[in-house]
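So the structure is just underneath, and the comments pick up after that.
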Amino acid sequence: MTEDNRPWADQYREAAEEWADRESAAQLLEDMKSAVMAQKQAMLGDIPVNRAEQTIKASRDWEAYIKSCVEARKEANLAKVKIEFLRMKFQEWSNNEATRRAEIRLTQ
């Protein structure tokens, strides 16, 4: 166990749930990108698609949307790193316990 004294499984489950939430949020933003673009183009009225796309991509609104996609992906990636960290810490703990048991057997 780590400093917070909770079992490894509980810590891992909590981290995995956080990652799942963050991953789904990031995926939703990324998957909605074309729908958001289409909605914004429709709001511009009857102008050529390439002109509408250029206008939207040049807007601060679109810049903010893209930044939110990147930030959501970053948060999901950091949550995944936390899961891997917990997995590594558990393996380290498990190996140390096995070594300790082996040492006890040798000294008996």
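The values are calculated or read from the model by the stated rules, or taken from the named source; none is laboratory data. The shown structure was predicted, so the numbers you read here are calculated from the model rather than taken from an experiment. Because the Cβ atoms are built from the backbone with ideal geometry, glycine has one as well, and the counts that use them run over all protein chains shown.
Residues checked against (1) at pLDDT 95 or above; (2) over 25 Å from Asn5 (Cβ atoms); (3) under 27 Å from the mean Cα position of the chain (by Cα):
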residue	(1), (2), (3)
Ile47	yes, yes, no
Thr55	yes, yes, no
Ala64	yes, yes, yes
Ser68	yes, yes, yes
Ala72	yes, yes, yes
Leu78	yes, no, yes
Lys89	no, no, yes
Asn96	no, no, no
Thr107	no, yes, no
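Considering Glu63, Glu18, Glu14, which residue is in contact (Cβ under 8 Å) with a residue 12 or more places away in the chain, acidic (Asp, Glu) and touching a Lys or Arg at 6+ places or on another chain (Cβ under 9 Å)?
Criteria check complete, one pass: Glu18.
State which residue is farthest from Glu92 (Cα to Cα) when the search covers only the range 1-45 and only residues that are over 13 Å from the mean Cα position of the chain (by Cα) and aromatic (Phe, Trp, Tyr).
Here the answer is Tyr12.
I'd like to verify a number: residues in the range 54-79 that are of a type outside the set (Ser, Thr, Tyr) and out of contact with any helix residue (DSSP H, G or I) (no Cβ under 7 Å at 6 or more places or on another chain), how many?
14
Can you name every residue in the range 52-99 that is surrounded by 10 or more Cβ atoms within 10 Å (Cβ to Cβ) and basic (Lys, Arg)?
Result: Lys57, Lys67, Arg73, Lys74, Lys80, Lys82, Arg87, Lys89.
List every residue pair whose Cβ atoms lie under 6 Å apart, where the two residues are 6 or more positions apart in sequence or sit on different chains, the first residue falls within the range 30-55 and is of a type in the set (Asp, Glu), and the second residue, located anywhere, is in a helix (DSSP H, G or I).
As it stands, the answer is Glu30/Cys69, since those pairs meet every condition given.
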